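Presented below is the structure to which this report refers.
Read-outs throughout are calculated quantities, based only on the coordinates presented, and are distinct from any laboratory measurement. All of these numbers come straight from a predicted model, not from anything done at the bench. As a convention, Cβ positions derive from the backbone with ideal geometry for all residues, glycine included, and neighbour counts pool all protein chains shown.
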Amino acid sequence: MEKIKKPKSIKRAFIWTVAFTMLIVFLSSALTIYVCYRVQKQILPDSQEIWLHTQTAMADGTVSEAKHRFTLDTPSKVSILASTKADEERILENTEFTVERIESSFSALSPKRQLLYRVTGISMVVLPFIYSVIGIILCAWWFYRKELSPPIQILADATKHIRGQDLDFTVDYNRNDELGRLCTAFEEMRQALYDNNRQLWNMIEQRRLLQASVAHDLRNPIAIVEGYVEYMQQCLASGSLNNEELQHTLSNLAITSKRLEHYTDYIRDLNTIEETETKYSVVKLPGFLKRATESLSFLAEQHSLEIEYHSAVSDCQVKLDEQIFYRIVENIFSNAIRYAKSKVSFQYSLTDDMLTITISDDGKGFSKAMLRKKNTFLYSEDKTGEHMGLGLATSRVLSQKHGGSLELSNIAPIGACVTIRLAVRKTS
């Protein structure tokens, strides 16, 4: 079982830093005060200490003197050099003892000792204060440099990138504290901005492609109308236009105008599709995919076609827009059954939250011109003008709105293949 890491706290780190600093300051101050106290004690004698002077007259007439330092509350013995006990008693009879109290006042010290005594006394007060100031400065400096400065610098750099409209960067700070979670939220915001900008750019690019496609596809019917108008003007000028030719020309003009009307209707429908919002719902795979494929079997039977189903998707739950899914699959399938000879194949796979749908048929496949113009909207190989490529255009727009794409290709030996990718999100 994986151990869950507890979130760190800047407050807790600050408390531990201050506590450690206070401990160091306290130990340093205690050591300084103790050393100064010992120095003062060495300089200024204890008031309980005395000097014991001994003066002994020896048998040969010589006088021996000695000086001993004693503490009054400590038992001590005066050592007397003697070979026998009788000698010791004789010496003690001829010994004179004098007690001199050691002067313990500050005024009795020499000037140098007085200065040293004052310095140690001041040090006992000043040095702990200096330790406290230095400790506070070092604590604040270390805490800022270690805990605050890195994430603040990262966020400042990220803000500079965003201000310069540069979203191609990452906010990388892996500490699990308050500022770390702030950096994570900032990275999520940057990623959302990046995705939104990319989606907006894709929409602008698709709009540009749509406009270019419309301009290209409208050129032919407009050229036809202009040609017929020019032809009628020339015939009227020469007086060679009879009723039969007039009816034929007007009939062709009516057909061409109808095509123009279809174009405007398709463009209006396509704009409506672009404004469609994705509405995600939870579905179970692969059951949902199998039911969706089986629902198309009725149309396949009407065209005497067989449906093949292959799925490499394991049991899971994902979020996707069911309406967008059905519209894309039905549009591509309706195109496939128009060209398929005997069967239409469906293949499904799920990799890295990307659902891939491959729909192929055993027809003649896409032409080279179609593959070259696979990013052009409203492109169709139907020469009758009844099918103008709206299904592919709609499916491409819906795929992109679902965070995916649509690609056209041919399969060997014959047949067309459409690969649809839709971004999905797995749920527990």
Checklist entry - Under a 5 Å amide H to amide H cut-off, with H placed in plane at 1.01 Å, what residues pair with Val424 once short-range neighbours are removed? => result Met354, Leu355
Next on the checklist: Can you give me the long-range amide H partners of Cys316? Hydrogens built in the peptide plane at 1.01 Å from N, cutoff under 5 Å, separation of 5 or more residues or another chain.
Outcome noted: Leu285
Next on the checklist: In whole Å, what are the extents of the range 277-427 along the principal axes defined by its C-alpha atoms, from largest to smallest?
Outcome noted: 46, 30, 26
Next on the checklist: If packing is taken as the average count of other Cβ atoms within 10 Å, what order do 226-238, 396-408, 24-36 fall into, highest mean first?
Outcome noted: 396-408, 24-36, 226-238
Next on the checklist: Could you tell me the calculated FRET efficiency between Val225 and Ile10, based on Cβ-Cβ distance and R0 = 51 angstrom, to the nearest 0.05?
Outcome noted: 0.10
Next on the checklist: 7 Å from Cα along Cα→Cβ at both Tyr144 and Ala185: what's the point-to-point distance in nm?
Outcome noted: 2.4
Checklist entry - Say R0 is 30 Å: what FRET efficiency, to the nearest 0.05, do Ser405 and Gln317 get from their beta-carbon distance? => result 0.80
Next on the checklist: I need to check one value: relative contact order of the range 318-361, counting alpha carbon pairs closer than 8 Å and at least 6 residues apart, in percent.
Outcome noted: 32
Checklist entry - Can you run phi through the Karplus equation (6.51, -1.76, 1.60; θ = phi - 60°) for the range 255-261 and list ³J(HN,Hα) in whole Hz, with x for Gly and Pro? => result 5, 5, 5, 5, 4, 4, 5
Item to check | Estimated FRET transfer efficiency (Ile33, Lys112; beta-carbon r; R0 25 Å; 0.05) | outcome: 0.65
Item to check | Chain lengthening between Ser240 and Leu52 when straightened (0.36 nm per residue, less Cα-Cα) | outcome: 51.8 nm
Checklist entry - Using modelled backbone amide H atoms (1.01 Å from N, in-plane), which distant-in-sequence or interchain residues come within less than 5 Å of Thr276's amide H? => result none
Next on the checklist: If I model a spin label as a point 7 Å beyond the Cα along the Cα-Cβ vector, how far apart are those points for Ala192 and Ser342 in nm?
Outcome noted: 5.4
